[in-house]
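This report refers to the structure that appears directly beneath it.
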Amino acid sequence: MTNFTGNEKPISPAAPVMRPARGVGIAGYGAYVPRYRLPGKEISRVWTEGNTPPTVAEKSVPGLDEDVITMAVEAARNALDRAGTDPSGIGAVWVGSESHPYAVKPSSSVVAEAIGASPNLLAADWEFACKAGSEAMQAAVGMVGSGMIRYALAIGMDTAQGRPGDALEYTAGAGGGAFLIGPAEDALAVIEASYSYATDTPDFWRRDHAQYPSHAQRFTGEPAYFKHVTRAARTLLAGTGASPADFRYAVFHQPNPKFPQRAAELLGFTREQIQAGLLAPQIGNTYAGSALIGLTAVLDQAAPGDRILVVSFGSGAGSDAFQLTVTEKLLERRPRAPRTADYISRRKEIDYGVYARYRGKLKM
Amino acid sequence: MDIARHWRLRRQRYALVGEQCGHCREYIFPPRDICPHCGEEAGPVHAMCGRGEVYSFTVVHEPPTGYETQAPYAVALVKLAEGPLVTAQLTDVDAADIKIGMPVEMVTRRLRTDGAEGVIQYGYKFRPHLAVS
């Protein structure tokens, strides 16, 4: 990490930043975080006699009756409550996750049914490690921006997996966000431009039928996370002509608290700009939910006119970057659903034994 | 597990979709052919708001088949804001904290699964009101 600047290759002046044919934005947003918390020191106690300093204070853990579908339903309901939109007018429901309950049978069709959006719609599950939800957002911008549909619901949600005793177990949390993408004139935040950057980089993967992901240790840093996040952010900013100082907030994918802080530093963003959306210390890494739930926390406190940068990262590897500007509609819509902080402050601490039961780590 | 039956009932189970009687205006859950209040034809459909309070409850320690992994869990009679009384599990709450009259709200959760390879059934449960700032 020491020599990496993320600026090794110059950005082409004709950078391929994407803008929809007609204005698009976020009509409603919603978050979800389960009730249970496992302190990092519990994991350290069980596996290293307390000798490993935890990466995060605690992580969120789903209850026995929760999964990506139930969590996505609640976040989606919050997004719809904020938007005040008739769910039957939603043209697409897309759920991005690494932990869909079924290998074959979509999460999205259950979510669409539960929120009353069925049956005149596209429904599909997205997979691109931790950027599956932001990829769904990009596609939603395209479908709404082309005028093919008026509203699309893009959700990033995970009950993240980490092998017992592995470094990832300290951070693999549960939660995410849902965004109802709609026309700019009905938006609480307008998506001004976006960009996606993807390469074949094997930093983290989970093979078919494998219960836990594997990772390439330090390889997950420079050639994976930092390269993709910084390239995506720099290319987007080069295309829109914005500089870090033009943004009130920035959200970067947060596999741990350190990576997004370092990415912000590399890109010239301050601690103050990333603070509101930095949730990893409290809930861990919610994988496909990570960048998106960070954005929900930012929208919970942003003011009209504020500009927001969001950059996700998915292993394998790629980043989606979005430049948004908040509108007056946010003030009226924000109180219509629980804030992300309401879910985070609803917490019941559990020990490693209960965690092992809740996460199906005990074979009976 | 009866896939067809659960599939037919999915709207009421996922989202508390009941009815409001077109004759006497009373709310009906679950939906039925004849209004239990006035004896006329029931309907049209009406989605309940999901809010209610605990009318009574018990804690299940000896669960029926299909619910073994969840025990102990609370089952309550919930009086919906619209009037109907529904039976449902309570979730996201410790049994010691449940009180009669406690305000609760509907959430959609996993009800049971048909083994490791069967379908997952989702449906309504109730949890204490989420405290909002």
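The values are calculated or read from the model by the stated rules, or taken from the named source; none is laboratory data. Quantities reported herein were computed from a predicted structural model and do not represent experimental measurements. Note: ideal-geometry Cβ built from the backbone for every residue, glycine included; neighbour counts use all protein chains shown. With ligands, DNA and RNA removed, areas are computed over all heavy atoms of the protein, side chains included. Shrake-Rupley method; radii C 1.70, N 1.55, O 1.52, S 1.80 Å.
Values as computed for the structure displayed
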{"quantity": "Max mean-square fluctuation residue, GNM over chain A, Cα-Cα springs under 10 Å, options A:74, A:349, A:58", "calculated": "A:349"}
{"quantity": "Cα-based reach from residue A:41 at 27 Å (exclusive), listing lysines while leaving out same-chain residues under 8 positions away", "calculated": "A:59, A:258, A:348, A:361, A:363"}
{"quantity": "Other protein chain Cβ atoms within 10 Å, averaged over every residue that makes up A:334-346", "calculated": "2"}
{"quantity": "At least 40 Å² accessible surface lost relative to isolated chain, residues of segment B:86-118 (1.4 Å probe)", "calculated": "B:92, B:94, B:108, B:109, B:110"}
{"quantity": "Å² per residue, accessible surface of chain A at 1.4 Å", "calculated": "37"}
{"quantity": "Estimated 222 nm signal from helices in the protein assembly as shown, with DSSP H stretches of n ≥ 4 weighted -39500 (n - 2.57), rounded to 500", "calculated": "-6500 deg cm²/dmol"}
{"quantity": "Cα lying deepest toward the dipole's positive end in the protein assembly as shown, options A:44, B:69, A:26, charges on Cβ", "calculated": "A:44"}
{"quantity": "Eligible lysines near residue B:99 by straight Cα distance, threshold 17 Å, same-chain separation 8 or greater", "calculated": "B:79, B:125"}
{"quantity": "Length gained when the stretch residue B:25-residue B:67 is fully extended (0.36 nm per residue, less Cα-Cα span)", "calculated": "11.5 nm"}
{"quantity": "Cysteines without a disulfide-compatible neighbour (Cβ-Cβ under 4.7 Å), chain B", "calculated": "B:49"}
{"quantity": "Alpha-carbon Debye profile of chain A, log10 I(q)/I(0) at 0.08, 0.12 Å⁻¹", "calculated": "-0.34, -0.80"}
{"quantity": "Overall form of segment A:61-104 per C-alpha gyration tensor (a/c, 1.5; a/b vs b/c)", "calculated": "oblate"}
{"quantity": "List of segment B:9-30 residues, accessible area with partners at least 40 Å² below that of the chain alone (1.4 Å probe)", "calculated": "B:14"}
{"quantity": "DSSP beta bridges in the protein assembly as shown [antiparallel fraction, %, rounded to 5]", "calculated": "80"}
{"quantity": "Total accessible surface hidden between B and A, rounded to 100 Å², 1.4 Å probe", "calculated": "2100"}
{"quantity": "Solvent-accessible area, 1.4 Å probe, carbon plus sulfur percent, for the protein assembly as shown", "calculated": "52"}
{"quantity": "Of A:237, A:122, A:188, the one that fluctuates the most in a GNM where chain A has Cα springs shorter than 10 Å", "calculated": "A:122"}
{"quantity": "Inter-part distance where segment B:53-111 and segment A:144-175 are each reduced to a Cα centre, Å", "calculated": "29"}
{"quantity": "Shape category assigned to segment B:3-128 from the gyration tensor of Cα positions, a/c cut at 1.5", "calculated": "oblate"}
